[in-house]
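Accompanying notes for the structure given below.
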Amino acid sequence: MPRFDYREILRTLAQHEVEFLVAGSVSALLQGASVPGWDLAVVYRRDASNIDRVLAALQNLEARLRMRPDLSPDVAHLRAPGDKLLITNLGALDLLANVGRQRTFEDLIGHTFEIKVGEFRVRVLQLEKLIALKEETGTELDLAMLPILRRTLEEKRRLK
């Protein structure tokens, strides 16, 4: 398993001008939550030009399907709804066409803010929306993260 370096994965996506937003545990980490991060989850725009940029970035990252490491993602994979669980030379990357109740990039972009990561900037899902999505999905891991996310949100509001 390659080392997990979400910053370098983000840098690669940003360098290829991919339209995406950071969700999941890395979104929480970037907002000060003390949560473990094993993979980077991003929601991406699924139009043709962005898919081309995503594919170029994935080639640089040597991305393969996690359950079929002999296969690299292609245009058909990226156009399809659902999750694309990948392994890259920098760790796990989850490309999400939609999250929660089928919310797409376009549905979520208004619930993001821009944050500087190193020398580049990325869009990050607001903590309030991340909490709402985790409540919706209700997986065991999501439910376990909720107290930490809520406490982080309370601290952020208190410090304003």
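Annotations for the structure displayed:
- In the set (1) surrounded by 19 or more Cβ atoms within 10 Å (Cβ to Cβ); (2) part of a strand (DSSP E or B); (3) not aromatic (Phe, Trp, Tyr), the condition left unmet by Lys134 is number (2).
- Qualifying residue in segment 142-150 (condition: closer than 16 Å to Val99 by Cα, surrounded by 12 or more Cβ atoms within 10 Å (Cβ to Cβ), out of contact with any Pro (no Cβ under 9 Å at 6 or more places or on another chain) and not basic (Lys, Arg)): yes
- Every residue from segment 55-84 that is outside any loop (DSSP other than H, G, I, E, B) and touching a residue at least 40 places away in the same chain (Cβ under 8 Å): Ala56, Ala57, Asn60
- Which listed residue is charged (D, E, K, R), out of contact with any Pro (no Cβ under 6 Å at 6 or more places or on another chain), over 20 Å from Val99 (Cα atoms) and outside any helix (DSSP H, G or I), from Arg3, Arg7: Arg3
- Applying the condition of being among the small types (Gly, Ala, Ser) and either more than 26 Å from Gly32 (Cβ to Cβ) or in contact with a helix residue (DSSP H, G or I) (Cβ under 6 Å, 6 or more places away or on another chain) (or both) to segment 74-117 and asking which residue is surrounded by the fewest Cβ atoms within 10 Å (Cβ to Cβ) yields Ala76.
- Among the residues of segment 13-29, those identified as out of contact with any Lys or Arg (no Cβ under 9 Å at 6 or more places or on another chain) and surrounded by fewer than 21 Cβ atoms within 10 Å (Cβ to Cβ) are Gln15, Leu29.
- If the condition is being assigned to a strand (DSSP E or B) and among the small types (Gly, Ala, Ser), then segment 12-44 contributes Ala23, Ala41.
- Odd one out for Asp52 among (1) part of a helix (DSSP H, G or I); (2) more than 14 Å from Leu13 (Cβ to Cβ); (3) acidic (Asp, Glu): (2)
- Residue list for segment 116-141, restricted to those being more than 17 Å from Thr152 (Cα to Cα) and either touching a residue at least 40 places away in the same chain (Cβ under 8 Å) or basic (Lys, Arg) (or both): Lys116, Val117, Gly118, Phe120, Arg121, Val122, Arg123
- Check on Ala92, assigned to a strand (DSSP E or B) and among the small types (Gly, Ala, Ser): yes
- Scanning segment 46-55 for residues that are out of contact with any strand residue (DSSP E or B) (no Cβ under 7 Å at 6 or more places or on another chain) and either surrounded by 15 or more Cβ atoms within 10 Å (Cβ to Cβ) or of a type outside the set (Gly, Ala, Ser) (or both) turns up Arg46, Asp47, Ile51, Asp52, Arg53, Leu55.
- Members of segment 80-124 found to be among the charged types (D, E, K, R) and within 20 Å of Ala14 (Cβ to Cβ), listed by number: Lys84, Asp94, Glu106, Glu114, Lys116, Glu119, Arg121, Arg123
Bear in mind that the values in this text are calculations on the coordinates, not laboratory data. This structure is a prediction, so every number in the text was calculated from the model and none was measured. Note that each Cβ is placed from the backbone with ideal geometry, even for glycine, and that neighbours are counted across all protein chains shown.
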